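Here is the structure we will look at.
Any read-out appearing in this document is the output of simple, stated calculations on the displayed coordinates, not a laboratory observation. These numbers come from a predicted model, not from an experiment. Glycine also receives a Cβ, built like all others from the backbone with ideal geometry; neighbour counts cover every protein chain displayed.
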Amino acid sequence: MDWSNPKQVAAFMDLHSGNPREGPGDKASTARALAAVTAAAGDRQIESVLDLACGPGMQTRYLAELLPTSHITALDIHPAFLAELEGWIAQNNLEQQVTTVHGDMKQPPVATGSFDLIWCEGAAYMLGVGAALQTWQPYLRADPAQGFIALSEPVFLSAQLPQPVVENWAEYAEMSDEDGIAARVADAGFELLESFILPPAAWAAYYDPLQKRVDALRTKYVNDADGRQVINEGQQEIDAWRNYGEYFSYAFIVTRPR
Ligand SMILES: C[S@@+](CC[C@H](N)C(=O)[O-])C[C@H]1O[C@@H](n2cnc3c(N)ncnc32)[C@H](O)[C@@H]1O
């Protein structure tokens with residue numbers, strides 16, 4: 001993928017539009033992580049949630065359903081994803097409960113000190129776990145005592161990795177096993193409340209619709225080398241999970257500042 005090539009970027013957005021999710025995850029995993037938050041919160045109400053890098057917002061929808069009295073701010077850098085979520089918000093008359101914000105999760109354009117819970121499925125790797133926790137901590141409400149950050153993070157499931165797995169993840173030098181994530185959480189000054197590995201169903205929830213999109217776009221880009229390359233890379237990503245999915249996944253972690 002060449003991000004400086006507008007034709008490839010356009011084909012990439014084509015491939016990634018209209019999909020329910022943009023990363024692995026499912027309702028059961030969102031609910032499990034959220035249950036760890038509410039158990040640790042005790043009497044404290046989770047009034048406001050910041051869903052960073054929300055994409056088309058499937059986890060935003062789950063959060064809205066599971067926390068019906070909370071306000072959710074869903075932020076993403078790509079307006080097209082926000083537009084998909086906004087369509088769902090309007091259809092369900094949830095404008096009072098869910099607000100979208102166009103912005104960069106590295107410097108979220110929202111008030112600091114104002115969220116009980118920061119959520120990020122499938123995107124914290126763009127900062128790295130430690131940097132993400134430290135960048136987002138100032139956005140947590142300070143009173144009552146600081147809130148929670150929950151995120152999912154790529155993880156190796158084995159110490160013995162096939163070469164294609166090593167190559168596929170080579171660009172993410174920080175990738176480790178679950179213990180490595182726990183160490184980065186501790187180094188960032190956070191307490192780890194929950195950590196679990198996303199199940200295969202969470203990957204199918206991402207890749208089954210993406211496979212349909214790949215299949216549908218093959219004809220469209222048959223005479224377009226840039227588009228073909230993007231579609232082929234999408235297929236390779238899906239195949240990597242089908243062939244080697246037992247060697248990697250995402251860990252969902254729930255943390256709070258110490
Ligand atoms: C792997 S997707 C995950 C989306 C969604 N959370 C999900 O699980 O379906 C990564 C998301 O990060 C967004 N993104 C990338 N860089 C970003 C940034 N700097 N700030 C905010 N969002 C960003 C992308 O637009 C995309 O929606």
Taking Cα pairs closer than 8 Å and at least 6 residues apart, the relative contact order of segment 56-200 in percent is 18
Other-chain or far-sequence residues with amide H under 5 Å of residue 5's (modelled H) | none
In terms of the alpha carbon gyration tensor, root eigenvalues a ≥ b ≥ c, rounded if a/c is under 1.5 and otherwise prolate when a/b exceeds b/c or oblate, the chain is oblate
Would you mind listing how long segment 1-115 runs along its three principal axes, going by Cα atoms, in whole Å with the largest first?
-> 52, 30, 27
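Evaluate the relative contact order of segment 1-80 (contact order divided by residue number), counting alpha-carbon pairs under 8 angstrom at least 6 apart; express in whole percent. Write down the numbers at each step before the final one.
Details: 68 pairs, mean separation 23.4, N = 80.
In percent, rounded to a whole number, it is 29.
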Excluding residues fewer than 8 places away in the same chain, name every one of the lysines whose C-alpha is closer than 19 Å to that of residue 220.
-> 7, 212
Scan around residue 193 for amide H atoms under 5 Å from its own, H built in the peptide plane at 1.01 Å from N, and keep only partners 5 or more places away or cross-chain.
-> 254, 255, 256
Once the Cα atoms of helix 225-244 and of the chain are each reduced to a long axis, what angle between those two axes, in degrees from 0 to 90 to the nearest 10, is obtained?
-> 60
Rounded to 5, percent antiparallel among DSSP beta bridges of segment 106-258 | 70
When 102, 71 are ranked with the fewest other C-beta atoms within 10 Å first, the list becomes 102, 71
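Give me the percent of DSSP beta bridges within the chain that run antiparallel, rounded to the nearest 5. Each step should come with its number before you reach the end.
Details: 15 of 34 bridges.
Antiparallel bridges: around 45 percent, rounded to the nearest 5.
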Hey, fewest Cβ within 10 Å first, where do 120, 54 land in order?
-> 120, 54
Could you work out the local net charge near residue 141, counting Lys and Arg as +1, Asp and Glu as -1, over the other residues with Cβ closer than 11 Å to its Cβ?
-> -2
Jot down the radius of gyration and Dmax of segment 123-249, Cα atoms only, both in angstrom.
-> 18.0, 59
Taking Lys and Arg as +1 and Asp and Glu as -1, residues besides residue 230 with C-beta under 10 Å from its C-beta add up to -3
In sequence order, calculated HN-Hα J values of segment 32-44 (Karplus, 6.51, -1.76, 1.60; Hz; x Gly/Pro) | 5, 5, 5, 4, 5, 5, 5, 5, 6, 6, x, 6, 5
